[in-house]
Amino acid sequence: MTDATRRTAYGLVLLAAAGTFAVTMGSRQSMGLFLPALNTATGLGLGSISLAFAFGQLWWGLTQPFAGALADRWGAGRVLVAGLALMALGTFITPFMSSTLGLIFAIGVLAAGGSGMAGPAVLMSASMRMIEPARRGIATGIVNAGGSFGQFATAPIAAALIVGIGWGRAMQVLGLMVLICLPAAWVLRGTGARAEGAAHKPVGTGQAVREALRHPDYLLLCSGFFVCGFHVAFLAIHLPGVIQACGLPTQWGGWALAIIGLFNIAGSLAIGWATSRWRSKSLLSLIYAVRAVAVLVFLLAPKTGTVVLLFAAVMGLSYLSTVPPTAGLVAKFFGPTHMATLFGLVMLTHQIGAFCGAWLGGKVYEWTGAYDWFWYVDILLAVAAALIHLPIREAPVAARPQSVAT
């Protein structure tokens, strides 16, 4: 294969993966805009509706290890087709749901499960298998930036559609938009072949999972990613409500989510570039420390439109920029063979944190009438995550002295 052909192949794979992540993430991260309308239309209360969104966060994570295992064995294409179809169906039928169980089924099972099957575990592992190790950092940054661009582009569109055609039809339009990603499944269809690294022996999926769960560095990485999920789910679901509680118009919520997405494009690309030059664990510690400082400053500052957008910009730089170094560490520890499965497990811990962030955000507001106590916990968790990553050893597990009993 010539260099030009290789570059073209790389570009097509990255376009398919990043484009799919853009559409699915854009739709998911815009759901917070529909929360007030859902509350008004159903009368279920913010806590009940937050539970449906929170279950979706958890189910999105639960599907990823299983979707990753299927993609590891059979290729990403079939998994993506099924995921996109389920996500479109769940989003489309949500406006017809009037009970908590109905919302959990539509939002939490169908839409979230489908999005998980077409999520970062499958997309990033597909990209990393097809791209040489020296370029994997920037490749994961590009795929991650695709999700951020989707949020930037979709949130204002969703806000405008809500105003123009009503929240129900607007949500259905978002559901149908997901189907434009089906051609990407064909591009990524052949990425299930096993590619063994020189330092990694062929093992079964179950054995790979058991070995990963016995290694402290992997567990520390999972713990830190729990905190990331706690942060981003709260922002995605409740930031529009935080902004409304500050007395700002509804449109500011859409623009704040868009700013987060826009600045996360820069953050994702920058962190992807940085992972090939600095230690990933140090970059992760820096990201969480930045979040802690940003939230503290936001709490102390007056809640004007300018402050809200500046806060969204800073959080955007760190929003999903945790993904490339986290995915890179998983690949560095265990190689690419079971990447989708093992990164899917890390994503599961992320989404357990997301469940807590989405649900507790609504419950704290119901209990206290404000989000302040939630922000305090947010700061403490960010500081803890910054410290958790420091002891991680960045080396392939197979190349280390065996200090863990097997």
Fill in: Residue that is assigned to a helix (DSSP H, G or I), polar (S, T, N, Q) and within 16 Å of the chain's Cα centre (by Cα), where the choices are 268, 321
268
Item to complete: Give the number of residues within segment 237-265 that are of a type in the set (Gly, Ala, Ser) and assigned to a loop (DSSP other than H, G, I, E, B).
Response: 1
Worksheet item: Which of the residues belonging to segment 335-344 are farther than 18 Å from residue 233 by Cβ and assigned to a helix (DSSP H, G or I)?
Response: 339, 340, 341, 342, 343
Fill in: Test result for residue 347, among the hydrophobic types (A, V, I, L, M, F, W, C), over 24 Å from residue 122 (Cβ atoms), in contact (Cβ under 8 Å) with a residue 60 or more places away in the chain and buried (at least 24 other Cβ atoms within 10 Å of the Cβ)
no
Discussion item. Being part of a helix (DSSP H, G or I), of a type in the set (D, E, K, R) and under 21 Å from residue 125 (Cβ atoms): is that true of residue 332 here?
Written reply: yes
Worksheet entry | Test result for residue 337, touching a residue at least 12 places away in the same chain (Cβ under 8 Å) and under 17 Å from the mean Cα position of the chain (by Cα) | no
Worksheet item: Take the residues of segment 28-78 that are without any contact (Cβ under 8 Å) to a residue 12 or more places away in the chain and more than 19 Å from residue 120 (Cβ to Cβ): which is surrounded by the most Cβ atoms within 10 Å (Cβ to Cβ)?
Response: 39
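Of everything in segment 84-112 that's among the polar types (S, T, N, Q) and in a helix (DSSP H, G or I), which residue is surrounded by the most Cβ atoms within 10 Å (Cβ to Cβ)?
Within segment 84-112, the match that is surrounded by the most Cβ atoms within 10 Å (Cβ to Cβ) is 91.
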Worksheet entry | Single residue of 229, 247, 241 found to be buried (at least 24 other Cβ atoms within 10 Å of the Cβ) and not basic (Lys, Arg) | 229
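Just to be sure, is residue 180 modelled with pLDDT of 90 or more, among the β-branched types (Val, Ile, Thr) and either surrounded by 24 or more Cβ atoms within 10 Å (Cβ to Cβ) or under 18 Å from residue 13 (Cα atoms) (or both)?
yes
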Discussion item. Looking at 281, 303 in this structure, which one is over 20 Å from the mean Cα position of the chain (by Cα) and of a type in the set (Lys, Arg)?
Written reply: 303
Fill in: Residues of segment 298-337 satisfying the condition of being surrounded by fewer than 18 Cβ atoms within 10 Å (Cβ to Cβ) and among the hydroxyl-bearing types (Ser, Thr, Tyr)
304, 306
Item to complete: Determine whether residue 293 is within 23 Å of the chain's Cα centre (by Cα), surrounded by fewer than 18 Cβ atoms within 10 Å (Cβ to Cβ) and either modelled with pLDDT of 90 or more or farther than 14 Å from residue 382 by Cα (or both).
Response: yes
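One line per residue, one yes/no per condition, for (1) assigned to a helix (DSSP H, G or I); (2) closer than 30 Å to residue 278 by Cα; (3) in contact with a His (Cβ under 8 Å, 6 or more places away or on another chain); (4) small (Gly, Ala, Ser):
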| residue | (1), (2), (3), (4) |
| --- | --- |
| 140 | yes, yes, no, no |
| 144 | yes, yes, no, no |
| 150 | yes, yes, no, yes |
| 153 | yes, no, no, yes |
| 156 | yes, no, no, no |
| 163 | yes, no, no, no |
| 173 | yes, no, no, no |
| 176 | yes, no, no, no |
| 181 | yes, no, no, no |
Worksheet item: Looking at this structure, is residue 252 closer than 21 Å to residue 138 by Cα and either without any contact (Cβ under 8 Å) to a residue 60 or more places away in the chain or not small (Gly, Ala, Ser) (or both)?
Response: no
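The values are calculated or read from the model by the stated rules, or taken from the named source; none is laboratory data. Quick caveat, the model's predicted, so the values are computed rather than measured. For neighbour counting, all protein chains shown are included, and Cβ atoms are generated from backbone atoms with ideal geometry for every residue, glycine included.
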